[in-house]
Amino acid sequence: MPRTEVDGIEVLDVAVIGAGLCGLVTLAALKKVGILAARAYDRAPQGFEGPWITYARMETLRTRKDAAGPALGIPSLTFRAWFEAQYGAQAYLDMGLIPRPMWMEYLVWYRRVLDLNVVNDAALSAIGFRDDGLVALNFDRAGTKQQVLARRVVLATGLDGLGAPTLPDVAARAPSRLVRHGADFIDMASLKGKRVSVVGAGASAMDNAAAALEAGAARVDIFVRRADIPRIDKFTGVGSQGMTHGYLGLPDADKWIYMVAGERAQIPPPRRSVLRASRYPNAFFHLASPISDLVEAGDAVDVVTPKGRYRTDLVIFATGFSVDFGKRPEFSALAGKILLWRDVYAPPAGWEHEGIASTPYLGPSFEFLPKPGLDPGLAASVSRVACFAYPAVPSHGKITSGIPSISEGAARLATGLARSLFVEDRTYHLDRFLAFDTPELLGDEWTDADIDEDMSIANG
């Protein structure tokens, strides 16, 4: 690829925002196709990227241990290869699911063995679009400002993606010291002897409840707004290579039905996560109990539901994430300029879903698509940014939402970026093609039989 410079400073071909699972596999896939001027930036210290040893609180991964994950089709890059090299084949067979901290150890090894270019402690503060088509990225690093120029940008920002953890309006009725989101850092040891309330019925809710109980909480109340906890994971039931590779080609109406039906059914918490909490006698499940109010009561808060009033020392809302550019000022250059699902698809009556409608409507290589009416130069710049994070799911399927299909997603992303950059550099490549003159044959590999015969006749 041609080297690009501005004022003597190298321009990255691809800058990746985030160095968790999605960010690392993006760098690896880019290296595999020959895009080497790529670098990832993560706001976390080295070894703490992603949720695995920060706010994730499950004991083990939920994915089966033999999923290839980010190995990109290379057997020696799998978790199994890494594990067996250290502990042996029998230990792998004896293991049930992958312990969560061990998965982080594997990702640290994956980054090191592939020599992936990652800069830590770098928080993105702004994205800017330049007149020359390059994307300017401003970072804060240890109190200093740094700007990086890139031809393409990949947002590999995980679950919060293009927004932030979601808290319902009722959460604002209690002092912030008494309220947390399930994705916040929570010192679980500080909850010993305390009363804890957890709002939600998903995996995160159960894992937060169990972690509080294991830390010695005096009582944990789990409030579920539904009359029952979801029991069927529809997407697990239809997981296949067809869904991985075929979903992208579906018409929008089919994609919408998949997403809305899946959201309405909701994803149940893993059985082992529920049992992890319910085995404690001081865990209390409250069904059909939406939170109607929070009332401060001295150093505690009363959780009010249609069934009663419960005093607690901390409320943890395990209520997911949303796409909200207002909560991510570093992405403000994209706000109002990219197509969202609500801009391109009007669902039939009864199938409305505001959350899915607010997600980006992405192109075939995860690129943002510009809204009509933008200046052509700005429109082209918008599409130089890709979303390889959870908000890509409605457009591309469940390929950026976990471990099983992440390699297929990264390969789709990398080949799309390679194609885009090659076309942009077409003059350079065509000139190289026309100028190529390295001979395969030197002319001494054969003898012309007719010439030899003519010479023999002439010599009589």
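Listing for the model above:
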item	result
Subset of the range 353-377 [surrounded by fewer than 15 Cβ atoms within 10 Å (Cβ to Cβ), in contact (Cβ under 8 Å) with a residue 60 or more places away in the chain and either among the β-branched types (Val, Ile, Thr) or more than 21 Å from residue 401 (Cβ to Cβ) (or both)]	377
The range 378-393, residues that are part of a helix (DSSP H, G or I), in contact with a strand residue (DSSP E or B) (Cβ under 9 Å, 6 or more places away or on another chain) and open to solvent by less than 10 Å² (accessible area, probe 1.4 Å)	381, 382, 391, 392
Residues being open to solvent by 60 Å² or more (accessible area, probe 1.4 Å) and either assigned to a helix (DSSP H, G or I) or closer than 14 Å to residue 222 by Cα (or both) - total across the range 284-299	2
Residue list for the range 264-283, restricted to those being open to solvent by 80 Å² or more (accessible area, probe 1.4 Å) and closer than 22 Å to residue 196 by Cα	271, 272, 275, 279, 281
Filter result for the condition that a residue is within 23 Å of residue 15 (Cβ to Cβ) and not acidic (Asp, Glu), over 338, 356	338
Those residues of the range 263-303 which are touching a residue at least 12 places away in the same chain (Cβ under 8 Å), small (Gly, Ala, Ser) and on the phi > 0 side of the Ramachandran plot, in sequence order	288
Filtered residues of the range 211-244 (kept if buried (at least 20 other Cβ atoms within 10 Å of the Cβ) and farther than 20 Å from residue 289 by Cα)	211, 212, 213, 217
The one condition in (1) surrounded by 14 or more Cβ atoms within 10 Å (Cβ to Cβ); (2) outside any loop (DSSP other than H, G, I, E, B); (3) among the hydroxyl-bearing types (Ser, Thr, Tyr) that residue 401 fails to fulfil	(2)
Helices (runs of 4 or more DSSP H) contained in the range 37-151 and holding at least 2 residues charged (D, E, K, R)	79-87, 100-113
Test set (1) farther than 30 Å from residue 407 by Cα; (2) exposed (fewer than 14 other Cβ atoms within 10 Å of the Cβ); (3) at pLDDT 95 or above - residue 253 fails condition number	(1)
Residues located in the range 304-330, provided they are of a type in the set (A, V, I, L, M) and without any contact (Cβ under 8 Å) to a residue 40 or more places away in the chain	304
Residue in the range 313-321 that is within 17 Å of the chain's Cα centre (by Cα), under 28 Å from residue 206 (Cα atoms) and among the polar types (S, T, N, Q) present	no
Residue under evaluation residue 430, criteria (1) of a type outside the set (D, E, K, R); (2) in contact with a Leu (Cβ under 8 Å, 6 or more places away or on another chain); (3) part of a helix (DSSP H, G or I), criterion not met	(2)
Test for residue 36: is it under 21 Å from the mean Cα position of the chain (by Cα) and closer than 28 Å to residue 419 by Cβ	no
Contacts under 8 angstrom Cβ, first residue in the range 112-140 being free of Cβ contacts under 8 Å to residues at least 24 places away in the same chain, partner in a loop (DSSP other than H, G, I, E, B), 6 or more apart	136/130; 140/122
Tally of residues being out of contact with any Lys or Arg (no Cβ under 8 Å at 6 or more places or on another chain) and assigned to a helix (DSSP H, G or I) across the range 249-266	12
Scope the range 167-182; condition outside any strand (DSSP E or B), crowded, with 18+ Cβ neighbours inside 10 Å and within 28 Å of the chain's Cα centre (by Cα); matching residues	171, 182
Subset of the range 14-52 that is among the charged types (D, E, K, R) and crowded, with 23+ Cβ neighbours inside 10 Å - its residue that is nearest to residue 183 (Cα to Cα)	49
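The values are calculated or read from the model by the stated rules, or taken from the named source; none is laboratory data. From a predicted model like this one, the values you see are computed outputs, not experimental measurements. All Cβ positions, even for glycine, are placed from backbone atoms using ideal geometry, and neighbour counts span all protein chains on display. The accessibility values were calculated without ligands, DNA or RNA, using every heavy atom of the protein model including side chains. Shrake-Rupley method; radii C 1.70, N 1.55, O 1.52, S 1.80 Å.
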